[in-house]
1. May I ask for the equivalent-ellipsoid semi-axes of the stretch 112-193, computed as the square root of five times each C-alpha gyration tensor eigenvalue and listed largest first in whole Å?
2. Mind listing the phi-derived Karplus ³J(HN,Hα) values for the stretch 6-23, rounded to whole Hz, using 6.51, -1.76 and 1.60 with θ = phi - 60°, and x for any glycine or proline?
3. Please list the non-local residues whose amide H lies under 5 Å from the amide H of Ile297, H modeled 1.01 Å from N, same-chain partners needing a gap of 5 or more.
4. Give me the 1.4 Å probe accessible area per residue for the chain, excluding ligands and nucleic acids, in Å².
5. For Leu320, which sequence-distant residues (separation of 5 or more, or a different chain) have an amide H within less than 5 Å of its own amide H, given hydrogens modelled in the peptide plane?
6. Once Rh is set to the Kirkwood radius over Cα pairs, what Stokes-Einstein translational diffusion coefficient, in µm²/s, holds for the stretch 104-249 at a temperature of 4 °C and a viscosity of 1.567 mPa s?
7. Could you run the Debye sum over the Cα atoms of the stretch 1-141, one equal point scatterer each and no solvent, and tell me log10 of I(q)/I(0) at q = 0.15 Å⁻¹, two decimals?
8. Averaging the inverse of every distinct alpha carbon separation and then flipping it gives the Kirkwood radius. What is it for the chain, in angstrom units?
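The values are calculated or read from the model by the stated rules, or taken from the named source; none is laboratory data. Treat the numbers as computed from the prediction; the structure is a model and nothing was measured. In this analysis, Cβ positions are derived from the backbone assuming ideal geometry, glycine residues included, and neighbour counts consider all displayed protein chains. Heads up: the accessible areas ignore ligands, DNA and RNA and are worked out on the full protein's heavy atoms, side chains in. Shrake-Rupley method; radii C 1.70, N 1.55, O 1.52, S 1.80 Å.
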Amino acid sequence: MRVGVFHPGTQHSWQTALAFQEAGNLSWYATSAFYDPSRWPYKVERFVPDKLSARLNREFRRRYHPSLNPDKVRQFGFWEWAEVATRRAGFQSLSNSCNEIGNRAFCRQMIRLIEREPVDVIVGYNTSSLEVFQWARKRGIRCVLDQTIGHPASQNQTMREEEQRHPEFFVKSYQPCDPVAIDRQNAEVAEADLVLAGSEFCANSMLENGCPKEKIRIVNYGYDETLFPQDQPQRPPLKNRPVQWLFVGEVGPRKGIAYLLQAFENIPANQAELTLVGRLAIPAATFEKHAGRVRHIPQVPRTEIARYFAEADCFVFPSLFEGSALVLNEACGAGLGIIQTDRAGNGARPGQNGLILGDISVDVLTQAIQQVVADPGLCERWQAASWAMRPERTWAKYRKNVAELVASF
């Protein structure tokens, strides 16, 4: 079985490609950017001053996995670079346009790649697979869609309701998924032989919007065991100090940030402190009202994220809509207790390592956080339980599961 994996960005596509490389089935992994110091534009780091070279290297290594065989990697990169550059410059609408144009261009490049290097199975990702699947199905190539988030029609409904509740947390450039994107999603599902979802919530969202039940399978994601500690972090006793809370992800409405910031306004600073790690995606004026109560760390490379987990006591993730957030597995990988919503993905196990909130409100989240503050022993028990769950949460486990599933389908 010859397998090709393609994604114009990253998400967890490196791990999917590595799964088939380890199984001996990977023909190629195609993406827009993957660090290779022997190629342009990455070679530029050799010709600039040391300080700038170090900054560039840190940035380039965001798109790199040391275990992937570089001989298997195919790169087609312009539009992804444009999307990232415009997003970081604050031009979200332009970034969205680059993403849409780039995904279609990437599909055309994938078809030419398959013509040159034929495969039996292709694994693509939602929003960037339609034209490839349409072409491949006619030629008897099996198509696997990795659905990294719930259905966009359901996401629109969730976000419309949230915008009515908390309009001050939405930037002016916010746009719901348009009808064209929703039609494209539905067409990708129709063309796919197999649809992979990272959680029950994600799978149910797809089923509610017409995905045939026989197509969909749940494969839990993981954390990178090469980046997280092998020995349980030794955290200082919680007695007589604030509980250190961590949130990792885009600091925006979909992640439930309105509830999180307001909840911490209800809790004294000497009882709980919150660190946010991720790109700010709410109006600066709104964030400024809460900035004195939190510590904000801008987006950092995945290779540097483990230190923030190690410094925390408990992870909080009140997301409104996900596929399955990778950070929940990383919280387990660091031995943290978890408070999350029921739509965030595979993280807490009620009664073991955390709480799952069915209804999200400022009061509900405040009460959940105060429960941990009032009982330090509860947090410590959650930490121990998360640490014990680590073997089932690794990317190695995911790779084994996904390779076996695709081979048997």
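1. Value: 34, 11, 10 Å, ordered largest first.
2. Per residue, the Karplus-derived 3J(HN,Hα) values read 9, 7, x, x, 9, 6, 9, 4, 4, 5, 5, 4, 5, 4, 7, 5, 5, 7 Hz.
3. Answer set, sorted by chain and number: Leu276, Val277, Gly278.
4. It amounts to 44 Å² per residue over the chain.
5. For Leu320, the qualifying residues are Lys255, Gly256.
6. On the way: Rh = 18.4 Å.
Calculated translational D: 71 µm²/s.
7. -0.78
8. 22.2 Å
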